[in-house]
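This report refers to the structure that appears directly beneath it.
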Amino acid sequence: MSDARLKLAVQSKGRLSEGGMDLLKRAGVRFAYGRDQLHRRAENLPLDLMLVRDDDIPSFVAGGACDYGIVGENVLYEMQARSSRYANLEVALPLGFAGCTLKLAAPKGGAIGSVADLAGRSVATSYPGLTRKYLVERGIEAEIVEMRGSVEVAPRMGIADAICDLVSSGATLEANGLAAFETVLESQAVLVRRTTGRNQDVDGVAHTLIERAEGVIASAQTKYILLNAPKDRLAEIKALLPGSDAPTIAQIADRDDVVAVHAVCRERVFWETLEKLRGAGARAILVLPIEKMMA
Ligand code: ATP
Ligand code: ZN
């Protein structure tokens, strides 16, 4: 047995740290209590966390200080757009949380309503790499004004004509009289690693973690549905089950006209779906969460 331990970089505080720690917990990783601000040692897996700023994670992984990292695609691709130092990074697994969108936006009802309108104008952003790349690929020449934060105030302050910023609900844009007109990047949290030069034993630990995380991510969206269906409407009911391929059909004692249907649904199950199922004659419908999954 090797004593290699996987060094995983996670944001110390913020949206990625909450989601990341939650995912690790649900993947069964337990951490020893400690007062260390920078390190946390897992008790039941050869895994050590390094708690850092998310913006530093690509550089720590690219340079070998950490083996893997949890970072937003926005930060990863921005770094890669800025410098070839990050060309050796790849996504090992999309993690399905911290979803947000990098969007171009401009004052509502103003002169800018499309990418073409940006020609000869200025765009304020904390993502100069991605913004420049996006505009260059479309043959638009615009000035990029780099800002560290509060990008949404730039048009009002006369600093820039438009902005390129992260949006999740759109409330911030709305509050600043801005309207988005183009999506530059759809982002989520990802597990990142180097494409080459990884330690095999460390990768073994990562493999275990990735498999478990895949199960956690899949089971979060997957539900187990139980219902009773009239035999003569079974085809209709099967077709209504979201993302399920082969439900189990079982006899119900003393009933010839009704069968029990058990199905794993790999998509979200909405109230509307249940109402349609009932409309098709299904009764005693139960939707259960799935705690763990392994194919
Ligand atoms: P630090 O750099 O100090 O670690 P931060 O301010 O960059 O913290 P957060 O605001 O927690 O940290 O954002 C971390 C990541 O969360 C972003 O890079 C992005 O991937 C994701 N994210 C999800 N939704 C949003 C949003 N509405 N605004 C900003 N980031 C978001
Ligand atoms: Zn950050």
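Here are the numbers:
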{"read-out": "Tally, over segment 228-244, of residues that are among the polar types (S, T, N, Q) and touching an Asp or Glu at 6+ places or on another chain (Cβ under 9 Å)", "value": "1"}
{"read-out": "All positions within segment 185-196 that are under 11 Å from CYS100 (Cα atoms) and either hydrophobic (A, V, I, L, M, F, W, C) or more than 16 Å from ligand 2 (Cβ to nearest atom) (or both)", "value": "LEU185, GLU186, ALA189"}
{"read-out": "Residue among VAL136, VAL123, VAL151 that is open to solvent by 60 Å² or more (accessible area, probe 1.4 Å) and either within 19 Å of GLN80 (Cβ to Cβ) or not small (Gly, Ala, Ser) (or both)", "value": "VAL136"}
{"read-out": "Matching residues in segment 145-174 - criterion: being in contact with a Leu (Cβ under 8 Å, 6 or more places away or on another chain) and not in a loop (DSSP other than H, G, I, E, B)", "value": "GLU152, ALA162, ILE163, CYS164, ASP165, LEU166, VAL167"}
{"read-out": "Some residue of segment 224-240 being of a type in the set (Ser, Thr, Tyr) and open to solvent by 50 Å² or more (accessible area, probe 1.4 Å)", "value": "yes"}
{"read-out": "Residue match in segment 43-63 (condition: farther than 29 Å from LYS133 by Cβ, open to solvent by 50 Å² or more (accessible area, probe 1.4 Å) and away from ligand 2 (no atom under 14 Å from the Cβ))", "value": "yes"}
{"read-out": "Members of segment 67-96 that are away from ligand 2 (no atom under 16 Å from the Cβ) and more than 20 Å from VAL136 (Cα to Cα)", "value": "ASP67, TYR68, ARG85, ASN88, LEU89, GLU90, VAL91, ALA92, LEU93, PRO94, LEU95, GLY96"}
{"read-out": "Residue, farthest from ligand 1 (Cβ to nearest atom), within segment 1-18, restricted to residues that are over 16 Å from ASP203 (Cα atoms) and touching a strand residue (DSSP E or B) at 6+ places or on another chain (Cβ under 6 Å)", "value": "VAL10"}
{"read-out": "Segment 89-111, subset away from ligand 1 (no atom under 13 Å from the Cβ) and open to solvent by less than 20 Å² (accessible area, probe 1.4 Å), residue farthest from VAL61 (Cα to Cα)", "value": "ALA106"}
{"read-out": "Count of residues meeting criterion [within 30 Å of VAL61 (Cα to Cα) and either more than 14 Å from ligand 1 (Cβ to nearest atom) or not charged (D, E, K, R) (or both)] in segment 164-196", "value": "17"}
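The values are calculated or read from the model by the stated rules, or taken from the named source; none is laboratory data. Just so it is clear, the model here is predicted, and its values are computed rather than measured. We place every Cβ from the backbone using ideal geometry, glycine too, and count neighbours over all the protein chains shown. Note: areas computed on protein heavy atoms with side chains; ligands, DNA, RNA excluded. Shrake-Rupley method; radii C 1.70, N 1.55, O 1.52, S 1.80 Å.
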